[in-house]
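Written below as structure tokens is the structure these notes are about.
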Amino acid sequence: FLMSIPFVLAKEGSKLGQFWDLFKTSNAMKMNLIASGLWFYGYNELATMTLKKTGAVTQSVANTAKRVIVIVGVALVLGESLAPIKLLGCSLGIGGVLLYSIIDNFVK
């Protein structure tokens, strides 16, 4: 994180004054920034608790499944069609999770 600060300042530093003015005047900006930070903190806490209860491989597989579910869910909610390449990617993700689950149950 600290290593990225110089790059952020070099790329976006000229807009820092605009951001600060907007932050001081907009309650929606403050609330969205706070909510975003809290959601990210909660996500990291949940990931840490999940990692303690399961293994790293299980969490990685679950994260892959989550991404596939989010892609398909958003496409359904927004009414977007899924291109063949997206369907192939989602199918590979779901198939991999299913295969892992079958093998994991077989090994136990």
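The values are calculated or read from the model by the stated rules, or taken from the named source; none is laboratory data. Note that the structure is predicted; figures quoted are calculated from it, not measured. Don't worry about glycine lacking a Cβ; one is built from the backbone with ideal geometry, like all the others, and counts go over all protein chains shown. Heads up: the accessible areas ignore ligands, DNA and RNA and are worked out on the full protein's heavy atoms, side chains in. Shrake-Rupley method; radii C 1.70, N 1.55, O 1.52, S 1.80 Å.
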Between segment 65-88 and segment 11-49, the alpha-carbon center distance in angstrom: 28 Å
Contact order relative to length of the chain, as percent, for alpha carbon pairs under 8 angstrom and 6 or more apart: 19 percent
Accessible area in square angstrom per residue, segment 17-108, 1.4 angstrom probe: 81 Å²
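Any idea what the dipole of the chain comes to, in debye rounded to 20, about its Cα centre with Lys/Arg Cβ at +1 and Asp/Glu Cβ at -1? Intermediate results must be reported in sequence, preceding the final value.
Numbers: 10 positive and 5 negative charges, 27 e Å.
For the chain, the charge dipole is close to 140 debye.
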Proximal lysines relative to Lys52, as straight alpha-carbon distance under 29 Å, when same-chain residues fewer than 8 apart are discounted: Lys66, Lys108
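Compare the peptides 83-96, 35-48 by average per-residue count of other Cβ atoms within 10 angstrom and give them in order, highest first. Spell out each step's value before the answer.
Numbers: 83-96: 12.7, 35-48: 10.3.
Ranking the peptides 83-96, 35-48 by packing returns 83-96, 35-48.
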³J(HN,Hα) computed for each position of segment 91-108 - Karplus, 6.51 cos²θ - 1.76 cosθ + 1.60, integer Hz, glycine/proline x: 5, 5, x, 5, x, x, 5, 4, 4, 4, 4, 5, 5, 4, 5, 5, 5, 6
Compactness of the chain as Cα Rg over 2.2 N^0.38 Å, two decimals: 1.53
Integer Hz, Karplus 6.51/-1.76/1.60 couplings in order for segment 5-19, x for Gly and Pro: 4, x, 5, 5, 5, 5, 7, 10, x, 5, 9, 4, x, 4, 4
Angstrom value of the Kirkwood radius, inverse mean 1/r, which spans all Cα pairs in segment 1-59: 14.3 Å
Lys24-Leu98 FRET efficiency (beta carbon distance; Förster radius 30 Å; 0.05 resolution): 0.05
